[in-house]
Amino acid sequence: MTQGIVEPMQASREENEMWAEVESLPALVQEALPRAEEAVRQLMRDTLSANPDEILLAGCGDSHNAGLAVEMAFAELAGVRVQAFTAMAFSRYAVRWPAMGRSAEPLVIGISVSGEVARTIEAIQLAGKRGAMTVALTGNDQSRAARAARGVLAFPVESYGRSPGVRTYAMSLLALFTLAIQLGEENGHLPAGEAARRREQLRRQPAILAETARASAGPALRAGAAFRGAGNFVFIGSGPNYATALFGAAKVVEAAGAHVIGQDIEEWAHLQYFSEEPDTPTIVIAPPGPGHGRAVEVMEVMRRLGRRTVAITSAEDGVLGSLADFVLPVPADVPELFSPLAYAVGTEFLAAALARSAGRAYFRQGNPAYAQGNGIRTSRISEDL
């Protein structure tokens with residue numbers, strides 16, 4: 001067992017806040033889903049009276065990754081054009097494009113857990129000036145982002161200490177998936193029976209998360225021990241789990257301070273394939289779906305090059321699993337549409353394990369070089385289009 005981490009499924013907040021957050025996800029999602037459904041219904045009643053034909057999502061960090069993770073869900077469930085932007089790409093560039101005005105009233109969702117991130121507030125404010133319908137998805141309904149938006153979808157959730165975001169990311173995904181289903185039902189894209197089936201799939205997520213945590217905790221600990229001392233990591237995925245690759249990379253940066261890249265599966269073959277560090281730990285996130293076959297091909301290449309690999313894949317995937325050094329399995333019946341919820345679990349456990357095996361403090365706490373902050377809340381907000 002890795003020194004400093006308790007046995008899987010037994011961590012407390014005091015022993016490892018991040019590990020404990022991952023363990024808490026099944027209960028959190030079980031409790032939060034009814035609240036999310038009611039909050040979405042209220043938002044639809046109070047704010048989203050029109051049916052948008054275009055949805056633009058803006059956020060930073062985990063919030064941007066959440067937007068990327070749900071593009072497929074909004075497209076398939078609500079039948080609308082959808083695009084996720086980093087908040088700065090939206091507020092400083094996209095909001096100024098002439099194409100921004102093509103829709104009668106696009107829906108712009110600014111995602112910010114704190115509701116105090118300057119670029120996301122800026123994105124909401126400038127989108128409103130362009131005539132967009134604006135919604136703040138936030139954990140703080142009294143925040144500046146909430147005040148700037150026409151509507152608020154609030155998801156207050158307790159975090160365990162100053163831990164990299166785990167519970168908050170799950171809540172962002174849950175709220176957005178729920179909104180996609182509700183929009184699809186109300187605009188007629190989803191028949192009532194299909195909407196009910198999709199809601200039932202979301203209601204199965206607590207059991208799926210619990211099973212995923214039980215199966216992946218041990219392998220994550222062993223991988224964390226094996227990769228101790230590694231300074232570079234690569235996470236790859238495709239479709240909605242390209243977002244999971246970016247999110248997993250973010251968790252390892254925040255938790256362990258390593259240099260980490262999140263990459264698209266195909267782009268890995270064009271770029272990271274040429275790395276001069278042949279044993280770079282590479283985490284391949286590949287549920288059953290259109291991207292899986294390419295994941296197998298690049299994993300075969302990694303094996304030839306000598307990369308150390310982790311596969312986060314279906315528990316029934318004997319092909320990808322047979323090529324990896326470590327496998328963090330997920331139940332086989334997870335729809336790819338909703339897979340970012342469960343497929344993030346292995347990345348979170350791995351990040352927590354790497355931080356403890358390396359003896360690193362989350363977010364470089366205690367290092368005076370980081371004490372003055374990064375300006376993400378204090379940066380000047382532009383009011384000019």
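Only residues that are in contact with a strand residue (DSSP E or B) (Cβ under 7 Å, 6 or more places away or on another chain) and surrounded by fewer than 19 Cβ atoms within 10 Å (Cβ to Cβ): list them for segment 309-322, please. Break it down into steps so the answer makes sense when it comes.
At the first step, the residues of segment 309-322 found to be in contact with a strand residue (DSSP E or B) (Cβ under 7 Å, 6 or more places away or on another chain) are 309-315, 320-321.
315, 321 - these are the residues of segment 309-322 that are in contact with a strand residue (DSSP E or B) (Cβ under 7 Å, 6 or more places away or on another chain) and surrounded by fewer than 19 Cβ atoms within 10 Å (Cβ to Cβ).
So residue 42 clears everything in (1) within 18 Å of the chain's Cα centre (by Cα); (2) free of Cβ contacts under 8 Å to residues at least 12 places away in the same chain except one condition, right? Which one?
(1)
Consider only pairs whose beta carbons are under 7 Å apart and that are at least six residues apart or on different chains; among these, list those whose first residue lies in segment 144-172 and is more than 23 Å from residue 360 (Cβ to Cβ) and open to solvent by less than 40 Å² (accessible area, probe 1.4 Å) and whose second residue is in a loop (DSSP other than H, G, I, E, B) and of a type in the set (A, V, I, L, M).
As it stands, the answer is 151/48; 171/157, since those pairs meet every condition given.
Among the numbered criteria (1) within 13 Å of residue 284 (Cα to Cα); (2) without any contact (Cβ under 8 Å) to a residue 40 or more places away in the chain, which single criterion is violated by residue 308?
Residue 308 satisfies all of (1) within 13 Å of residue 284 (Cα to Cα); (2) without any contact (Cβ under 8 Å) to a residue 40 or more places away in the chain except (2).
Sort out which residues of segment 324-341 are aliphatic (A, V, I, L, M) and either in contact with a Phe, Trp or Tyr (Cβ under 6 Å, 6 or more places away or on another chain) or crowded, with 18+ Cβ neighbours inside 10 Å (or both), and write them in order of number.
Residues satisfying the conditions are 324, 327, 328, 330, 334, 337, 341.
Could you list, ordered by first residue, the pairs with Cβ atoms under 6 Å in which the first is in segment 258-281 and under 11 Å from residue 236 (Cβ atoms) and open to solvent by less than 70 Å² (accessible area, probe 1.4 Å) and the second is part of a helix (DSSP H, G or I) and among the small types (Gly, Ala, Ser), at least 6 apart or interchain?
Cβ pairs passing all conditions: 262/245; 262/249; 265/295.
If you check residue 22 against the conditions, is it modelled with pLDDT of 90 or more and either open to solvent by 20 Å² or more (accessible area, probe 1.4 Å) or over 29 Å from residue 361 (Cβ atoms) (or both)?
no
May I ask you to verify whether residue 248 is assigned to a strand (DSSP E or B), modelled with pLDDT of 95 or more and either in contact with a Phe, Trp or Tyr (Cβ under 6 Å, 6 or more places away or on another chain) or under 17 Å from residue 320 (Cβ atoms) (or both)?
In short, no.
Return yes when residue 86 is among the polar types (S, T, N, Q), in contact with a His (Cβ under 7 Å, 6 or more places away or on another chain) and open to solvent by 10 Å² or more (accessible area, probe 1.4 Å) and no when it is not. First the steps, then the outcome.
Details: among the polar types (S, T, N, Q): yes; in contact with a His (Cβ under 7 Å, 6 or more places away or on another chain): yes; open to solvent by 10 Å² or more (accessible area, probe 1.4 Å): yes.
Here the answer is yes, as residue 86 does meet what is asked.
The values are calculated or read from the model by the stated rules, or taken from the named source; none is laboratory data. None of the values given here were measured: they were computed from a predicted structure. Cβ coordinates were reconstructed from backbone atoms using ideal geometry, including for glycine residues, and neighbour counts include every protein chain displayed. In case anyone asks, the SASA skips ligands and DNA or RNA and just uses the protein heavy atoms, side chains included. Shrake-Rupley method; radii C 1.70, N 1.55, O 1.52, S 1.80 Å.
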